[in-house]
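Student: Got a structure for you, questions after.
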Amino acid sequence: GVTRLLLTRIPFFKEIIVSSFSCASCSWSNTEIQSAGRIQEQGVRYTLAVTSRQDMNREVVKTDCASARIPELDFEIPAFSQKGVLTTIEGIIDRAVAGLEQDQPARRAMDKEVARKIDEFIGKLRQLKEVNSPFTFILDDPSGNSFVENPHAPQRDEALVVTHYRRSPQQAAVLGLEVDAKLPDAAEDLRDEVLQFNTNCPECNAPASTNMKLVQIPHFKEVIIMATNCDSCGHRTNEVKSGGAIEPQGTRITLRITDPSDMTRDILKSETCSVEIPELEFELGMGALGGKFTTLEGLLKDIRDLVEKNPFTLGDSSTPSRTGKLQEFIGKLQDVKGKAQAHFIMDDPAGNSYLQNVYAPEEDPELRVQRYERSFEQNEELGLNDMRTEGYEPGPASGR
């Protein structure tokens with residue numbers, strides 16, 4: 001036989017592929033349609049109130065994954081029981097009648113009662129073609145690629161109701177689509193997007209732009225990284241904000257630096273975190289350097305830059321004794337980055353700081369994380385003593 005293919009476009013719908021097969025020997029012929037596009041974002045349901053013979057001539061695109069129903073007869077053509085077809089509503093009924101009549105001779109020989117009931121049902125289907133009484137035709141396609149013609153297009157058709165809906169996980173699985181465990185939310189979209197807003201440069205006050213990105217730190221929580229670049233003076237700065245609330249307890253993280261590879265550990269230092277290195281008698285208070293998401297080596301470099309660029313420590317106004325001590329401190333700090341062993345302590349009353357555990361999810365033998373109850377002074381500094389989150393529920397009506 002010969003199969004002919006035609007790519008065509010249905011007005012006010014989409015492109016489809018029509019295939020037609022014919023056999024010169026036995027005169028058998030068959031037509032089939034396939035969608036030329038992809039599976040749509042949503043499924044579609046067409047509900048048509050058939051009230052006249054003209055409605056029977058409406059064109060219908062029924063894909064193989066679509067189901068057709070006539071509620072008045074409790075009749076349904078299930079999905080995947082027929083190939084896709086480009087026809088009319090009358091053609092769908094004729095196709096259903098032909099399918100039911102196909103095995104009737106065998107049924108009459110084996111079970112006359114079943115054959116009689118099917119004959120009665122075929123008679124009801126044929127009566128629908130005369131449209132002696134109105135009936136409802138429903139075409140439901142989870143792929144969204146089926147279609148019922150609107151003869152009044154582009155005007156609205158009062159007899160035709162088109163409903164788009166979100167596929168269920170079962171329908172998506174039948175279509176061979178990947179089933180999402182949960183629906184995407186706004187926060188999920190933000191993880192894949194860099195937001196930008198206008199601001200002024202903190203150095204030259206020229207207009208600049210700040211980029212903001214929501215990042216999930218493994219085995220910790222979400223943080224917001226903000227970076228500002230100034231095209232006028234070249235100033236660049238970055239800052240990290242916690243993406244969550246203040247933790248119920250404070251966190252004290254102690255790392256014993258034993259190897260140069262420890263310098264590559266990721267660090268999240270929030271703006272409420274203080275840093276201490278006992279071997280160097282060094283302590284960095286809360287608020288210094290702001291919030292940072294970097295490595296241990298990067299944080300030590302920022303501490304060195306903070307010391308070197310401070311005019312009151314190594315500038316012209318400093319005394320020789322103070323300069324000598326600070327130069328000695330910078331040398332020891334450099335040794336920590338190389339070979340000297342030391343303890344690196346991060347104390348965050350808000351509990352929003354983090355130091356990478358390279359053995360995660362196992363315990364790190366060089367890393368110790370302690371949780372502790374905040375003191376009244378720490379809560380005061382965080383503004384928690386005056387914060388009230390209870391007692392705002394609406395009380396019972398007073399009756400006045």
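The values are calculated or read from the model by the stated rules, or taken from the named source; none is laboratory data. Remember, it's a predicted structure, so these values are computed and weren't measured experimentally. No Cβ is skipped: glycine too gets one built from the backbone with ideal geometry, and neighbour counts run over all protein chains shown. Quick note on the areas: whole protein, heavy atoms, side chains included, nothing else; ligands and nucleic acids left out. Shrake-Rupley method; radii C 1.70, N 1.55, O 1.52, S 1.80 Å.
Student: How much mean residue ellipticity at 222 nm does the chain get from its helices, if each DSSP H run of length 4 or more adds -39500 (n - 2.57) and you divide by all residues, to the nearest 500 deg cm²/dmol?
Tutor: One gets -7000 deg cm²/dmol as the mean residue ellipticity at 222 nm.
Student: Follow-up. With all protein chains present and a 1.4 Å probe, how do K301, K241, K292, K309 order by accessible area, largest first?
Tutor: K309, K301, K241, K292
Student: Under a 5 Å amide H to amide H cut-off, with H placed in plane at 1.01 Å, what residues pair with Q249 once short-range neighbours are removed?
Tutor: none
Student: To the nearest 10 degrees, how steeply does helix 296-308 sit against the main Cα axis of the chain, on a 0 to 90 scale?
Tutor: 40
Student: Where Lys and Arg each count +1 and Asp and Glu each count -1, what net charge lies around Y372 among other residues with Cβ under 10 Å from its Cβ?
Tutor: Summing Lys/Arg as +1 and Asp/Glu as -1 gives +1.
Student: How big is the gap, in Å, between the Cα center of the range 142-165 and the Cα center of the range 221-238?
Tutor: Spelled out, the Cα-based centre of one part sits 50 Å from the other.
Student: In the chain, which cysteines lack any other cysteine Cβ under 4.7 Å from their own?
Tutor: Those would be C23, C26, C65, C273, since no other cysteine Cβ in the chain comes under 4.7 Å of theirs.
Student: Under the Karplus relation 6.51 cos²θ - 1.76 cosθ + 1.60, θ = phi - 60°, what is the ordered set of whole-Hz ³J(HN,Hα) values for the range 151-168, x standing for Gly and Pro?
Tutor: Using θ = phi - 60°, the values come out as x, 9, 4, x, 6, 6, 9, 5, 8, 10, 10, 10, 10, 9, 9, 7, 5, 7 Hz.
Student: If you roll a 1.4 Å probe over the heavy atoms of the protein chains, what accessible area per residue do you get for the chain, in Å²?
Tutor: Each residue of the chain exposes 61 Å² on average to a 1.4 Å probe.
Student: For E281, what is the net charge nearby, where nearby means another residue's Cβ is under 14 Å from its Cβ and Lys, Arg count +1, Asp, Glu -1?
Tutor: Neighbour charge sum, excluding E281 itself: -2.
Student: Taking GluC sites (Glu not before Pro) as exposed when DSSP calls them loop (any state but H, G, I, E, B) and at most 12 other Cβ atoms lie within 10 Å, what is the longest stretch of the chain free of them, the sites themselves excluded?
Tutor: The longest uninterrupted stretch comes out as 42-157.
Student: Counting only protein heavy atoms and a 1.4 Å probe, tell me what percentage of the range 250-382's accessible area is made up of carbon and sulfur.
Tutor: Ligands and nucleic acids excluded, carbon and sulfur give 48 percent.
Student: Starting from the Cα gyration tensor of the range 250-382, take the square roots of the eigenvalues, sort them a ≥ b ≥ c, and report rounded, prolate or oblate (rounded when a/c is under 1.5, otherwise prolate if a/b is larger than b/c, else oblate).
Tutor: oblate
Student: Counting only protein heavy atoms and using a 1.4 Å probe, what share of the accessible area of the range 42-175 belongs to carbon plus sulfur, as a whole percent?
Tutor: Result for the range 42-175: 49 percent of the exposed heavy-atom area is carbon or sulfur.
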